[in-house]
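The values are calculated or read from the model by the stated rules, or taken from the named source; none is laboratory data. All values reported here derive from a predicted model rather than from experimental measurement. FYI the Cβ positions are ideal-geometry reconstructions off the backbone, even for glycines, and counts take in every protein chain you see. We work out accessible area using only protein heavy atoms, side chains counted, and drop any ligands, DNA or RNA first. Shrake-Rupley method; radii C 1.70, N 1.55, O 1.52, S 1.80 Å.
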Amino acid sequence: MKKPPLGILISGHGSNLQAIIDAIETGFLSAKIACVVSNKKEAYGLKRAEKHRIPTHVIRHQDYPSREAFEKALIQVFDPYKIELVILAGFMRVLTPQFIRHYPHRIMNIHPALLPSFPGVEAIQQAYDYGVKVTGVTVHLIDEGTDTGPIILQTTVPLKPDDTLESLTERVHAVEHKLYPQAIQLFAEERLEIQGRKVLIKDS
Ligand code: GRF
């Protein structure tokens, strides 16, 4: 099976990056991480990538006069790798339409809640504070809104009566680490068909 080259964007801890690395190494995921780019030089995810000899790049957004200039630099790094899919893995910058149009339906994000509930930052805490009985994880394609793109996969995470924010966070992350490689594998198998807002999964 062909292995689409992934360009992974991170800003921090990189546990989802690690889950993708592990899924490739165990043979569950048929893809190749072409490079990892961080907008923060201290992001721990960079160390994870280096440990697996994955090329890394730091592109600090504050070194550029505008979002567009920053994203142009991202594209310049990605282009030589012939990136087929951009993976946002805890990347804490909003992308402009210019970048999104450069990779139409080719940018995936993971969100730690059941979209369209609790978009934006601190989603696990938003759901916890709201008092929901069920939350979850969403993998979706990026469109020009915030966490509004077509949904690829979702999984629920029920709350337990004695959950703390920490215990819930741990379970949500564990689900993320399974769901993201699954969604990327569907892309690799060319099984995602986008019809407007809907993502059909072929042969499922
Ligand atoms: C994850 O919870 C992800 O859903 C959100 O940012 C967090 C990144 O965590 N978009 P990590 O850097 O992958 O550990």
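Residue check: is Gly12 within 16 Å of the ligand (Cβ to nearest atom), in contact with a His (Cβ under 9 Å, 6 or more places away or on another chain) and more than 20 Å from Gln185 (Cα to Cα)?
no
Could you count how many residues in the stretch 65-101 are open to solvent by 70 Å² or more (accessible area, probe 1.4 Å), more than 18 Å from the chain's Cα centre (by Cα) and either within 16 Å of the ligand (Cβ to nearest atom) or closer than 27 Å to Pro119 by Cα (or both)?
4
Might you check whether a residue that is more than 22 Å from Ile8 (Cα to Cα), in a loop (DSSP other than H, G, I, E, B), touching a Lys or Arg at 6+ places or on another chain (Cβ under 8 Å) and open to solvent by 20 Å² or more (accessible area, probe 1.4 Å) occurs anywhere in the stretch 152-172?
Yes, the stretch 152-172 contains at least one residue that is more than 22 Å from Ile8 (Cα to Cα), in a loop (DSSP other than H, G, I, E, B), touching a Lys or Arg at 6+ places or on another chain (Cβ under 8 Å) and open to solvent by 20 Å² or more (accessible area, probe 1.4 Å).
Which residues, counting only those in the stretch 25-44, are away from the ligand (no atom under 14 Å from the Cβ) and in contact (Cβ under 8 Å) with a residue 40 or more places away in the chain?
Phe28, Leu29, Ser30, Ala31, Ala34, Cys35
Just give me the residues in the stretch 102-118 being of a type in the set (A, V, I, L, M) and away from the ligand (no atom under 14 Å from the Cβ), in sequence order.
Matches in the stretch 102-118: none.
Of all residues in the stretch 125-139 being of a type in the set (A, V, I, L, M, F, W, C) and crowded, with 21+ Cβ neighbours inside 10 Å, which is nearest to the ligand (Cβ to nearest atom)?
Going through the qualifying residues, I end up with Val137.
With the structure loaded, tell me whether Gly45 is touching a helix residue (DSSP H, G or I) at 6+ places or on another chain (Cβ under 8 Å) and surrounded by 17 or more Cβ atoms within 10 Å (Cβ to Cβ) or whether it fails that test.
Yes; evaluated as a whole, the condition is true for this residue.
For the stretch 15-24, how many residues are more than 11 Å from the ligand (Cβ to nearest atom) and of a type in the set (Val, Ile, Thr)?
2
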